[in-house]
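Inspection log for the structure reproduced underneath, given as structure tokens.
The values are calculated or read from the model by the stated rules, or taken from the named source; none is laboratory data. Model, not experiment: these values are computed from the prediction. Glycine also receives a Cβ, built like all others from the backbone with ideal geometry; neighbour counts cover every protein chain displayed. Remember, those area values only see protein heavy atoms, side chains included, never the ligands or the DNA or RNA. Shrake-Rupley method; radii C 1.70, N 1.55, O 1.52, S 1.80 Å.
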Amino acid sequence: MKRITAHQWTLMSSLLLLGPALRQLPRAAAEQAGRAAWLGALPALPLLLLYARFLARFWETRPAGTGLAEAAMQVLGARWGPVVLYALSGWLLFYGGFVLRSGADRLVVTVYPQSAPAVFTLSMGLCCLIAALGSARSLARTAAMLWPFVTGILLLLLLVSLKSVERVNLLPVTVLDLPALAHGAVPVLNVLGLGLFLPLFFLGYIEPEARPLAARRVRWLLGESLLLTLLMLAVLGNFGAELVSRLSQPFFTLVRNLVFFRSLERIEALVVSCWIFPDFLLVSLCLFAAQHCLRLALGEKPLLDRGNRLDASRLRWLIPFCALAAILVGLLLGPELYSLRRLSERTVPFLNLCLSFLTVPLLYFIGKRRKTL
Amino acid sequence: MKRRLLLFLAAAFIPLLCGCGRLRGSFSRLEELRVVQTLGVDTAGSGLRLTLATAAGDRGADDVVCLSAEGPSLAAALSRVQSRSTEETLFCGHVRQLVMGEDVPLEPLLETVCRSADLRLDMPLWLLRGTSAEALMSEVGNGSRAVTEVLNAVRGELDARSDSRAYTAGQILRDLQRQGSALLCVLRGGAAAEDGTDARTALPAGFAVVKDGTVCSWLGTEALLGISLLRNRFGVQELTVSDRSGRPATLELRQGSSRVRPVWDENGALRGLDITARFTASLLETAESPLSEPYIDDLTARLESAVSERLRVLLTRSKSLQADFLGLGSRVEAASPLAFRRLETPFPELLPTLEISLTVQSRLLHEYDLH
């Protein structure tokens, strides 16, 4: 089996959260915390650090080759383990379909207003299928190659947009903002929680010498919190919380306004196109994790895969099945304007938050009670 | 071998990804595109009248395309305009100026701008007084300049004098939501251009105060000085005052700023505002020579009095309209955030009850080469 290095695993975590961060964070945080939203990472960070420490401790005591799916089987046994894995793969496929659909919606809203989202959903889904048919290491290497490119573009855009930030859009923030700030931390928890949770499925593929992961996760959380704060500073500082909470894609609206050196402008089509990469990785990871869970639940050992895309043995036919399911979800989701918005603002963040922060603690609790840990 | 074949196949697909396909009718040759740079909106019956204009470009005003059509909505009007432009495709991705007639409903228009995938939130929105957008856009310009160039020049002038204060669609929408009122830059059309021809131009005609979706007051061009001082967006402005002999003296004002200090009573209620405005000035023109210290002191006092009067007019208007178009609420909040949040009455409603004390301080720094 081709292993993932700890560095690649960390970059995978960083890249996968860029899609949800730009899609939901500025608007959701501005709605919850108003002007104080740019500080949303501050109250979220202690909780995230504690959770990251708990996850690191939990995995340090697991044998090598144990990802989240293997840990669930170990803790819950042959009876309940598969049930939980079916549920997890169901969520992963639903979430993958949702990302396909919302990515298509972003392209339609910002660049191609006369197009149908189905074209983008289908083509992206097929690309992700090709990636998911490969090895986990290929996905991790893809993340490592794409991360500098996408993050570099994001940082450049944020730095350029910081020059037009208005102080009145960001300050003052007082103690009276603390309750709102606590609410504003929820979207940050959601985004960073996903970045902590989803890579757990891939811990089984990581090099044994890459552990322990605690220090690496702390650095990762600090860096990502800083990046999200910078994103919120740029978007809120330019538009103000009142306007951001009404825009459907505030970051891309900001990009539409940017002018470089008084000559280069209207680059939003290029930037939106770049955000295909984080979506591609996120959906591919979801598909890969979903087929991993399903095959493990059905008694296979997906960790032994060699990443041969044309190999259909050992239940590998489930990979195209998973892709088909995610594409179908993407095609059927949000046929009306408000149903997609409701999913994007309420259902998906709530499910994400629950699964990201409850799955492993529940496994730990059950494992301790059943003495299977 | 298999990898090379895959690489070759992937490379073969790249040309298909450039977006220049005839699929879905999105293909247009560059030379067939007319880049719309100014967009005008008027009311027409129960709908809207949309006028689009391109820039003059290298071939002068004769090359300008100015088309207009009516429709029940902006999108419908746009599609009618597009159908009239049979030879060329109109491209609205680079609209730089938006002009609107006096009676166009503001908030629906701003919402449309927000929803549009083509229009930008940072484009200035001009309100027309005494003319329609269609009339202004068709008549403004001369041999080398059309409406887009004229409006760009007006914006440049306004930006220099008030440090980027040609109010954009995004700023207006934000101010309306935050303060309940906003300022719009007003244009007057039909003025004769100063080039000796019979060409017409557009001139700044002050500001409109918008509250509850409608214009509730008009401010003249002289309000620019006070607005930019009170909103802390001061650029470079000239002001002519009468000196002690009644002769005009012109000064250039720079580095203006203001400080707003709220005055609270013992119960935590906002009683008044203590506003201090400061700026520096340079003497540009005077009939007095040689200059003496008493003359300079007197001129400085007169300058402060003139600026103070302009600020007082603005503040009185803001109080009487109960419209915080000067953003004083944000200033009070910045100075005393906790007390401001505890206010039971919205700040604009408090405005008429506030006692405002105004102090203007200036320094005459130099008078260029002569002294």
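Summary table below
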item	result
Residue range of chain B that is longest and free of chymotrypsin sites (Phe, Trp or Tyr not before Pro) which are both DSSP loop and sparsely packed (at most 15 other C-beta within 10 Å)	B:28-367
Shielding by partners, peptide A:164-173 (average Cβ within 10 angstrom, other chains)	3
Rg and Dmax [Cα atoms of chain A; Å; Rg one decimal, Dmax integer]	20.3, 66
Hydrodynamic radius by Kirkwood, which averages 1/r over all alpha carbon pairs of region A:4-78, in angstrom	15.3 Å
Heavy-atom accessible surface of region B:268-316: percent carbon and sulfur, 1.4 Å	47 percent
Segment A:F350-A:F321, length gained on full extension (0.36 nm per residue, minus Cα span)	7.8 nm
Residues of region A:237-251 buried by at least 40 Å² on assembly (accessible area, 1.4 Å probe, chain alone as reference)	A:E242, A:L243, A:R246
Qualifying trypsin sites (Lys or Arg not before Pro) for region A:272-373 [loop in DSSP, other Cβ within 10 Å: at most 16]	A:R306, A:R309, A:R314, A:K371
Chymotrypsin sites (Phe, Trp or Tyr not before Pro), loop per DSSP, at most 13 other Cβ atoms within 10 Å - longest free stretch of chain A	A:1-260
Accessible carbon and sulfur surface of chain A relative to its total accessible area, %, 1.4 Å	67 percent
Pairs of Lys in the protein assembly as shown closer than 29 Å at Cα, counting only those 8 or more apart or on different chains	6
Sparsely packed trypsin sites (Lys or Arg not before Pro) within region A:104-183, loop by DSSP, other Cβ within 10 Å at most 13	A:K163
Average beta carbon contacts from partner chains per residue of B:170-179, 10 Å cutoff	5
Region A:71-172 - Rg and Dmax from Cα coordinates, angstrom	19.9, 58
Computed over region B:212-339, Cα set: Rg, Dmax in Å	17.2, 56
Computed [θ] at 222 nm, helices only, for chain A once each DSSP H run of length n ≥ 4 contributes -39500 (n - 2.57)	-24000 deg cm²/dmol
For the pair A and B, total buried accessible area rounded to nearest 100 Å², probe 1.4 Å	2400 Å²
Residues in region B:102-123 occluded by at least 40 Å² - accessible area, probe radius 1.4 Å, against chain by itself	B:A117, B:R120, B:L121
Most to least packed among B:265-273, B:311-319 [average Cβ atoms within 10 Å]	B:311-319, B:265-273
Efficiency of FRET from Cβ geometry, B:R341 and B:T43, R₀ 30 Å, rounded to 0.05	0.15
Kyte-Doolittle mean at least -0.5, axial Cα span of 20 Å or more - DSSP H helices of chain A	A:18-33, A:41-60, A:68-110, A:117-133, A:136-162, A:178-197, A:214-239, A:276-297, A:318-332, A:348-370
Cα coordinate range in region A:145-191, projected on the principal axes (Å, largest first)	43, 28, 9
Under-5 Å amide H pairs with B:N232, H placed in peptide plane, nonlocal only	B:S258
Rg/Rh for region A:282-373, where both radii come from Cα atoms and Rh is the Kirkwood radius	1.07
Per residue solvent-accessible surface (Å²) - chain A, probe of 1.4 Å	41 Å²
Gain upon complete extension [B:R312, B:T353; 0.36 nm per residue less C-alpha separation]	13.2 nm
Using θ = phi - 60° and Karplus 6.51 cos²θ - 1.76 cosθ + 1.60, couplings along region B:256-262 (whole Hz; Gly, Pro as x)	x, 7, 9, 10, 10, 10, x
Solvent-accessible area lost in complex, 50 Å² minimum, residues of region A:175-193 relative to chain alone, 1.4 Å	A:L176
Cα centroid of region A:1-43 to Cα centroid of region A:238-300, whole Å	11 Å
Principal semi-axes in Å for region B:92-183 [√(5λ), Cα gyration tensor, largest first]	22, 16, 14
Karplus 3J(HN,Hα) series, Hz, for region B:126-132 with 6.51 cos²θ - 1.76 cosθ + 1.60 (x for Gly, Pro)	9, 9, 9, 10, x, 7, 9
For chain B, diffusion coefficient by Stokes-Einstein and Kirkwood Rh (Cα), 10 °C, 1.306 mPa s, µm²/s	67 µm²/s
Isotropic mean projected area of the C-alpha convex hull, the protein assembly as shown (nm²)	39.8 nm²
Helix-only mean residue ellipticity at 222 nm for chain B, each DSSP H run of n ≥ 4 adding -39500 (n - 2.57), per residue, nearest 500	-10000 deg cm²/dmol
Within 10 Å of each Cβ in A:290-301, the average number of Cβ atoms from other chains	0
